[in-house]
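Inspection log for the structure reproduced underneath, given as structure tokens.
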Amino acid sequence: MKNEILIVDILNIYSLFSAVTRYRDIRLIHYLRKGRFVNTAVKLLTKLGWSFELIQYSLDSFGGKYPFKELNTAMLDTITTYGKKVFSGELKKLNISEYEHKRLLTCFSSHMGMEIYFEMQLFILLSVNNLFENKNIKAILLRKSLFSDVLKEIYERRKFSTYFYRSFDKLFIPRELYSWDKAILRARKKNYRKIIKIILFSCCSLVFKTALLFLKSTRNMKKHKICVLLSNSFGTVLSNGLPWGVEEPSYLRDETIAFYRETMPKEAMDFYKKRSDKFVKYSLNPINCGRNVEIVKPWSDFAGFLIKNISRYLPLFNLHKINRWLFGYIFDVIVDLSFFEPLFLFNGTKILWFIDSDNTHMQVAAIAINRVGGISLGTSGSLALLPEWSIHHNKNDIFFVWGKRFLNISINTKDQSDSFVMTGHFADKAFLDEIKKAEEFRSSLTKKYRIKNVVTFFDTGSGWDQFITPRRVFEIYEQFFAWLNEDNSNFLVIKAKGQKTINKYPELKKEIDKFCTTGHALISYERSAVYPGLAADVALSASPTLSSITAMLGRPVIFYDIQGTYDEYSFALPTVSVIDDVCKMREAINIAIRKKQNLGYQYKLGPIKDSAVDQFADGKSIVRMRAYIENLLEAFDQKHSNSAAIRFANDEHKKQWGEGTVTRGPLPVK
């Protein structure tokens, strides 16, 4: 048929094989994303007559509509609907607390959101943007997942014909090295060879987990009231959320045991060792957990807790829908819970601290600490990025937020916390050092290059397809390249999140390298660094974290509002100008530079108080967090319950810093 096409969510070896074998008569394939190891096959098929086109799209304003917000709504509705329809009601039949019920639903929401995001993005583009209104869509190929039946129902409402291809690349990829638990989740009926292999792998895993069953208890081992779970692989002053450090010792450090993953690099390990009394490697499988008694003894109790938790959740395994696409979620919860609960009991943990992690097993750790009468708390080094499918992503009972903007996002996305406590940016004490580094950096640029105008681009989102489209990334850099060509004294500093961000698009990296070679650009990969923005005449970003801090410290910032959300979540800073169209970029840069030249380079370089980003901006954030935690420990020492300890700490914080600095959340600790 004329204009007949196939549409694929991810063009990879598996989808390509399905397309050319099942629909061999259709030679035009449109795809949303391209996977790895597929370029050679695409080149070969192109010579044989196939055509492949990347879907050019945008999630910003389009034809008077906002597909990004449409996507938010669709994701939120889908997760909420299926959460209540399939899972939430069944959870209420279990003998668990309301707190545990909501946390389990949180795990489900996060897991489902990640699984269906790209497929839902494609659905919105097809149904809202009408990208293929003049072509006949033969079929839409989607990656098969635990939620394929959900996606099929959604697509068929719009009468889209869908076909699900199997992607085997994740079939036996464990959640960590030597862990085979998750393999059992992929079993299919009547596939006996696969089932036997899975049973063998799972038995090996359980043998490791019960091998230490008869370990003798160590009565003289020091207990620690604070447990820190480290899952991030870096550690710097600007990314460290621990409110106690080496500069100002307090008894909190002596009360802290930190558990780290084996993937953590040595530099980060050295950083956190100084901030804890005991530093222990942990794993969700004992083969990797080392020989420290703090981690080995809890594993010896694993089997008993596993049996208890299986019996507690047993009714869920009889559900048809659960068996089809939620068994994996339940199995992970049970295994993780059976590890964390004895871990906290044995080590005497009352306070569990997370640092920037939204993993499912961290949600389960929050359930475990609640079971033993403790509290989970923490903060984030990143301002939350929408979309709202991250609803319920927060796993902390107490969440330390920077300011009003962070608070509003947390409330509107229904973060599951007991209390949001406003403390300011946790690294605000390091801001003066960043200003000094900026002066040195600017001086070094001036000496090395013949430059007059410096622009810094905080490129923290280009490698993240959920946040920005490939087309938009290229458009942004094309504007920068055009600006560099306007004047030989113009200079661009790219503050990238990592090498993957820049290297994702080879043709773009090639152009960037040309400007770096000619002395008109520089790439910085330093983690969480703000000073590259402070050293510029103006900084630009489509991501709020580093750009908001730069603006709060007095440097002009152009915020590219690609998602149309700035009006709802404004920085409330006089140093910020907002654009919603990439074509306005160069004009906005030149206007900001002209204003800056009139004021001088060092104009107003210092913290701006009373902004939506950080109302304090006084360098005392860790003082506030530390005092809050000390009040919690004081309440626990007086034998208060976890809910009473929170009330006490909240009241003390409000007395010291103001009534509006504590906001109660939707998930009270009981």
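The values are calculated or read from the model by the stated rules, or taken from the named source; none is laboratory data. As the structure is a computational prediction, the values presented were derived from the model and not from experiment. Cβ placement follows ideal geometry from the backbone for every residue including glycine, while neighbour counts extend to all protein chains displayed. SASA here: full protein model, heavy atoms, side chains in, ligands and nucleic acids out. Shrake-Rupley method; radii C 1.70, N 1.55, O 1.52, S 1.80 Å.
Below, the figures for the structure above:
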| quantity | calculated |
| --- | --- |
| Within the stretch 548-571: backbone nitrogen closer than 15 Å to the S443 label point (7 Å, Cα to C-beta) | none |
| Within the accessible area of the stretch 509-561 (1.4 Å probe), percent carbon and sulfur | 53 |
| For q = 0.16, 0.26, 0.27 Å⁻¹, Debye-computed log10 I/I(0) when each Cα of the stretch 429-501 counts as one equal scatterer | -0.74, -1.15, -1.18 |
| Segment S382-R261, extension gain: residue separation times 0.36 nm, minus the distance between their alpha carbons | 41.5 nm |
| Cα gyration tensor of the stretch 458-605 - equivalent ellipsoid semi-axes, whole Å, descending | 22, 19, 15 |
| Distance between modelled label sites at N292 and E486, nm, 7 Å Cα→Cβ extension | 5.4 |
| Viscosity 1.567 mPa s, temperature 4 °C, Stokes-Einstein D of the stretch 410-469 from Kirkwood C-alpha radius, µm²/s | 81 |
| Separation of the K436 and K159 label points, Cα + 7 Å toward Cβ, nm | 6.9 |
| Convex hull per residue volume in Å³, alpha carbons only, for the stretch 522-670 | 150 |
| Accessible area, probe 1.4 Å, largest first, for residues C583, C107 | C583, C107 |
| FRET E, pair T518, T73, Förster distance 56 Å, beta-carbon r, rounded to 0.05 | 0.75 |
| Two-decimal ratio, the stretch 451-537, of alpha-carbon radius of gyration to 2.2 N^0.38 Å | 1.02 |
| Kirkwood-type radius of the stretch 483-534, with distances r between different C-alpha atoms, in Å | 11.8 |
| Cβ-derived FRET efficiency at R0 45 Å, Q656 paired with K452, nearest 0.05 | 0.40 |
| Cross-link table K278/K395; K350/K395; K404/K495, entries beyond 18 Å C-alpha to C-alpha | K278/K395; K404/K495 |
| Segment T80-F17, extension gain: residue separation times 0.36 nm, minus the distance between their alpha carbons | 19.2 nm |
| Kirkwood hydrodynamic radius (C-alpha pairs) into Stokes-Einstein, the stretch 391-438, 10 °C and 1.306 mPa s, D in µm²/s | 134 |
